[in-house]
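Just below is one structure, and these are the notes that go with it.
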Amino acid sequence: MILEALAPLLRVPALAALTRDSLLRMDPETAHGATINALRLGLAPQQTDPDPPELKTALAGLELSNPVGMAAGFDKNGEVPRPLALMGFGMVEIGTVTPLPQDGNPKPRLFRVAGAEGVINRMGFNNDGHDMVYRRLQGLRVPAALGVNIGANKDSSDFTADYAKGVARFARLADYLTVNVSSPNTPGLRDLQQEEALTRLLYAVLTVRSKAPVRVPVFLKLAPDLDEPALDAIAKVIARTDLDGLIVSNTTISRDAVAGLANATETGGLSGKPLFNLATRRLAQIRLRTTLPIIGVGGIHSPQSAVDKFEAGANAIQLYSALVFGGLDLLDRIKRGLGAAVRNAGKRNISELVGTKTRAWAADDIDL
Ligand SMILES: Cc1cc2nc3c(=O)[nH]c(=O)nc-3n(C[C@H](O)[C@H](O)[C@H](O)COP(=O)(O)O)c2cc1C
């Protein structure tokens, strides 16, 4: 109640910054819980001006008013997709959701690598499970594309069947689905990126999708820790399916970009700024192998890094970790920066920047 009364004050930028600083002083998972609560209470700033027309984006049949999304893992349980959409995200991806609820790994399991604006997490798909999340989302009006990211329970005897259940459950409710085979925190999950397993998984998932009354777009979310032969194999598999797109990338298990920094040796997936070069290179390398839509994720932390993703080959982008350090107004800055980049290039729409620098990003000449 007190928080609700304070809502108008918290929308004042100076106070919002103060809140961010105090969030950064808290234990990271506590701070995340407080942010979700604040959003639930309507404390987040809401977008006032409409998105610039340059940002209108068609993505796998979805009509987005802007191509900037909230990445999976922020709202694992679908508690705040509407407030996130009202803040101005063009898409909001909830999850990862697994068939059964699960607690995830023991705490602490979320760490800031403050020296590099990085985050390491080994959450382990803590989530409320299909039934509860479905009930929460049912009938909800979300003024953005709503993605549901699906995964497998840690102790499941059949990972593929878990994904099929996710498609069956959420196909009618979601605007798009993401098949997440790239979290490093569920043992064995990333093996689903290998040729045979991926073929079987996509066949199962897309067969269930074809039986749903509406054709929901399905994206496959990949790890950045794949070498070029692995990318070749994935490109070969997906070319034989009617998958709608890719999300590149999830967190990395590599630590090269944060070696020696506090928390760098924690087990889990690294995200945020130190992931940017690696994830953007993988994005470009995959862009060279497919014409499918790609959502570029990983380390976006500024308007320029957002522009870079499009130039490397992304058709839309998502972010999460930088919001921890940059605050929620980063979204507005990124959208304004994208609009300006389009106009400065003498173009009319963000789609005209896609892939203009793919070869440079795909090359091995940037130190990762
Ligand atoms: C705390 C945390 C939890 C995450 N949980 C998930 C998840 O459940 N499913 C998923 O597909 N990605 C998850 N991610 C990965 C993000 O969606 C994203 O791919 C990655 O963080 C890179 O983007 P960023 O550098 O902008 O954060 C998580 C990331 C973080 C930091």
Notebook entry, point to check: Of Gly78, Leu192, Leu323, whose Cα points farthest to the positive end of the dipole of the chain (charges on the beta-carbon: +1 Lys, Arg; -1 Asp, Glu; origin at the Cα centre)?
Noted result: Gly78
Margin query: Beyond 22 Å, how much of the Cα-Cα pair distribution for region 211-300 remains, as a whole percent?
Written below: 33 percent
Checklist line | C-alpha center-to-center spacing [region 262-338, region 129-196] in angstrom | finding: 22 Å
Notebook entry, point to check: Where q = 0.11, 0.18, 0.20 Å⁻¹, what log10 of I(q)/I(0) comes from the Debye formula for region 214-368, counting one point per Cα?
Noted result: -0.43, -1.11, -1.30
Next item on the list: Hey, can you find the accessible area per residue of region 100-164 for me, probe 1.4 Å, expressed in square angstrom?
Entry: 46 Å²
Next item on the list: Rank Leu353, Ser302, Val258 by how far each Cα sits towards the positive end of the charge dipole of the chain (+1 on Lys, Arg Cβ; -1 on Asp, Glu Cβ) and give me just the farthest.
Entry: Leu353
Checklist line | Protein accessible area in region 178-226, 1.4 Å probe - carbon and sulfur % | finding: 53 percent
Note to self: Charges at C-beta only: +1 for Lys and Arg, -1 for Asp and Glu. How large is the resulting dipole of region 140-255 about its Cα centre, in Debye rounded to 20?
What the structure shows: 600 debye
Notebook entry, point to check: Is the shape of region 63-130 rounded, prolate or oblate, going by the alpha carbon gyration tensor and its root eigenvalues a ≥ b ≥ c, with a/c under 1.5 for rounded and a/b larger than b/c for prolate?
Noted result: oblate
Item checked: Carbon and sulfur %, accessible surface of region 117-167 computed with the full protein complex present, 1.4 Å -> 43 percent
Next item on the list: Evaluate the relative contact order of the chain (contact order divided by residue number), counting alpha-carbon pairs under 8 angstrom at least 6 apart; express in whole percent.
Entry: 16 percent
Check: Using a basic spin-label model with each label point 7 Å from the Cα along Cα→Cβ, how many nm lie between Asp242 and Thr30?
Finding: 5.1 nm
Next item on the list: For the chain, give the magnitude of the charge dipole about the Cα centre (Cβ charges: +1 Lys/Arg, -1 Asp/Glu; no others), in debye to the nearest 20.
Entry: 680 debye
Check: Arranged from highest to lowest average of other beta-carbon atoms within 10 Å per residue, in what order do the peptides 191-203, 219-231 appear?
Finding: 219-231, 191-203
Check: Rounded if a/c is under 1.5, else prolate if a/b beats b/c, else oblate: with a ≥ b ≥ c from the C-alpha gyration tensor eigenvalues square-rooted, which is region 97-158?
Finding: oblate
Next item on the list: Compute the length gained on full extension between Glu63 and Thr207: take 0.36 nm times their separation in residues and subtract their Cα-Cα distance, giving the result in nm to one decimal.
Entry: 49.4 nm
Item checked: Å² of accessible area per residue within region 168-265, as computed with a 1.4 Å probe and no ligands counted -> 43 Å²
Notebook entry, point to check: Per the helix-only calculation at 222 nm, which mean residue ellipticity applies to the chain, given -39500 (n - 2.57) for every DSSP H run of n ≥ 4 and division by its residues, nearest 500 deg cm²/dmol?
Noted result: -11500 deg cm²/dmol
Margin query: For a 24 Å ceiling on Cα separation, which of these pairs sit above it: Lys273/Lys357; Lys56/Lys347; Lys211/Lys309; Lys309/Lys335?
Written below: Lys211/Lys309
Next item on the list: Just name one of Ala312, Ala341, Ser65: the one whose Cα is farthest towards the positive end of the charge dipole of the chain (beta-carbon charges, Lys/Arg +1, Asp/Glu -1).
Entry: Ser65
Margin query: What are the extents of the Cα atoms of the chain along their three principal axes, in Å, largest first?
Written below: 54, 48, 47
Check: For region 80-172, with only Lys/Arg (+1) and Asp/Glu (-1) charged at the beta-carbon, what is the dipole magnitude about the Cα centre, in debye rounded to 20?
Finding: 260 debye
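The values are calculated or read from the model by the stated rules, or taken from the named source; none is laboratory data. Values in this document were obtained by computation on a predicted structure and should not be read as measured data. FYI the Cβ positions are ideal-geometry reconstructions off the backbone, even for glycines, and counts take in every protein chain you see. For the accessible areas, the whole protein counts, side chains as well, though only heavy atoms, and no ligand, DNA or RNA atoms are used. Shrake-Rupley method; radii C 1.70, N 1.55, O 1.52, S 1.80 Å.
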